[in-house]
Amino acid sequence: MNDIKVPFIDLRIRYQEEKTELLACVERVLEKGHLVLTPELRDFEARIAEYVGAKHCIGLNSGTDALMMGMMALGIGRGDEVITSPISFVASTGSIVHIGATPVYADVRDDQNIDPAEIEKRITPRTKAIMPVHWTSRIADMDAIIDVARRHDLLVIEDSAQAMGSYYKGKHGGSFGDVGCFSAHPLKNLNALGDGGFLVTDNDAIVEKIRLYRNHGLAERDTCVLFGVNSRLDILNAEVLLFRLGRLKGVIEKRRRNADLYREMITAAEVVIPAEKPHEVNSNIMLIIRAEDRDSLQA
């Protein structure tokens, strides 16, 4: 029997499913000649803000940039500590280090998300913020985390890179803290043609700072009010993401059906598939299992 190699994700198949619509997006954008900071981006931002339940959305170059800019806009920097999860992609920790702050790890619960009780144990006079990571699309215990943050006067930056379409007690991930930071990398369920990301917040001042910072600090074409960076979500990706946002419900429903199928068919006692809790809706960007002997199971 020959081995069957199944890719983690096959973007070629997805392209074939969406080919007609994607090429129409490209043609629409190129015919208009709108490529940078044009109304298409504002339309996308407004739709995302509505979907997530936030006042504002800002399109950016990546989810990593969203984390860094969110923290910078909140005044986090050198000498500050940010408590976060040890289980995440490197960008969570990397964004903290990049702005000059110090990452501090608090352990996770069985669901792979940061434990609010462990957060409280790690708080010091230098602690400025908490960065929960909504790992595998499961929203962290935000009621408890927000309670810890309020009692200790801490900021909350949600790493919502995997949380698009996921809910906790009826509220969308990324809408609990001071900022919610999302990735539109090709491995995500709402994915761009390459890198992309966005940040959501209800704070008007944060939005103004990041809008300046993502565009070289330019208040207008010839007026630079601070030294920023180039982290604008390009218009082609805004158009593609807007199209794919319309398909997101069906994508999530399919992933949830697949997750339920795994739960139904994998019954070995040595394999644990975390159940979805009554107050959760998980979009299942990933389905992570635990096993007594992971390496043997993989083999």
Scoring region 248-298 by relative contact order with C-alpha pairs under 8 Å, at least six apart, yields a percentage of 41 percent
Trypsin sites (Lys or Arg not before Pro) in region 20-102 lying in a DSSP loop, each with at most 10 other Cβ atoms within 10 Å of its Cβ, come to 78
Here the net charge surrounding residue 123, from other residues whose Cβ is less than 12 Å away from its Cβ (Lys, Arg +1; Asp, Glu -1), is +1
Computed from the beta carbon distance with a Förster radius of 35 Å, FRET efficiency for residue 290 and residue 143 to the nearest 0.05 stands at 0.90
Two pseudo-spin positions, 7 Å from Cα along C-beta at residue 20 and at residue 262, lie apart in nanometres by 3.2 nm
Once Lys and Arg are counted +1 and Asp and Glu -1 for all other residues with Cβ under 14 Å from that of residue 297, the total becomes -2
Going fewest to most other Cβ atoms within 10 Å around each Cβ, 130, 119, 288 line up as 288, 119, 130
Per DSSP, the loop-located chymotrypsin sites (Phe, Trp or Tyr not before Pro) within region 168-229 having at most 11 other beta carbons within 10 Å are 227
Sparse-neighbourhood loop hits (trypsin sites (Lys or Arg not before Pro), region 219-299; DSSP loop; Cβ within 10 Å at most 12 others) -> 221
Residues meeting the amide H criterion for residue 179 (H placed from the backbone, H to H distance under 5 Å, 5 or more places apart or on another chain) are 156, 158
As straight-line cross-link partners of residue 209, the qualifying lysines (C-alpha separation under 25 Å, not fewer than 8 residues apart within one chain) are 55, 128
Here region 234-249 yields Karplus 3J(HN,Hα) values (6.51, -1.76, 1.60; θ = phi - 60°; whole Hz; Gly and Pro given as x) of 6, 5, 4, 5, 4, 5, 5, 5, 5, 4, 6, 4, x, 9, 4, 4
With R₀ set to 25 angstrom, the calculated FRET efficiency between the beta-carbons of residue 6 and residue 87, to the nearest 0.05, is 0.55
The farthest towards the positive end of the charge dipole of region 12-244, of the residues 16, 68, 205, given +1 on Cβ of Lys and Arg and -1 on Cβ of Asp and Glu, is 68
Here, residue 153 and residue 13, labelled 7 Å along Cα→Cβ, have an inter-label distance in nm of 5.4 nm
In this structure, the FRET efficiency calculated for residue 122 and residue 276 from their beta-carbon separation, with R0 = 30 Å, to the nearest 0.05, is 0.60
antiparallel share of DSSP beta bridges within region 12-244, to nearest 5, in %, is 55 percent
Karplus ³J(HN,Hα) for region 90-97 (6.51 cos²θ - 1.76 cosθ + 1.60, θ = phi - 60°; Hz, whole; x = Gly/Pro) runs 4, 4, 4, 5, x, 5, 5, 5
Under 16 Å by backbone N from the virtual spin label 7 Å along Cα-to-Cβ at residue 297, the residues of region 255-277 are 259-276
Any residue on another chain or 5+ positions along whose placed amide H is under 5 Å from the amide H of residue 104 is listed here as 82, 83, 84
Total charge of the residues flanking residue 52 in space, meaning their Cβ is under 13 Å from its Cβ, with Lys and Arg +1 and Asp and Glu -1, is -1
Rounded to the nearest 5, the percent of DSSP beta bridges in region 93-212 running antiparallel is 55 percent
Only helices counted: for the chain, with every DSSP H run of 4 or more residues adding -39500 (n - 2.57) and the sum spread over all residues, [θ] at 222 nm is -12500 deg cm²/dmol
The equivalent-ellipsoid semi-axes of region 12-244, taken as the square roots of five times the Cα gyration tensor eigenvalues and listed largest first in whole Å, are 30, 21, 14
Contact order relative to length for the chain, counting C-alpha pairs under 8 Å separated by 6 or more residues, stands in percent at 21 percent
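Only the coordinates and a few stated rules stand behind these numbers; no lab work does. Since the model is a prediction, treat every value here as computed from it, not as a measurement. Backbone-built Cβ (ideal geometry, glycine too); neighbour counts: all protein chains shown.
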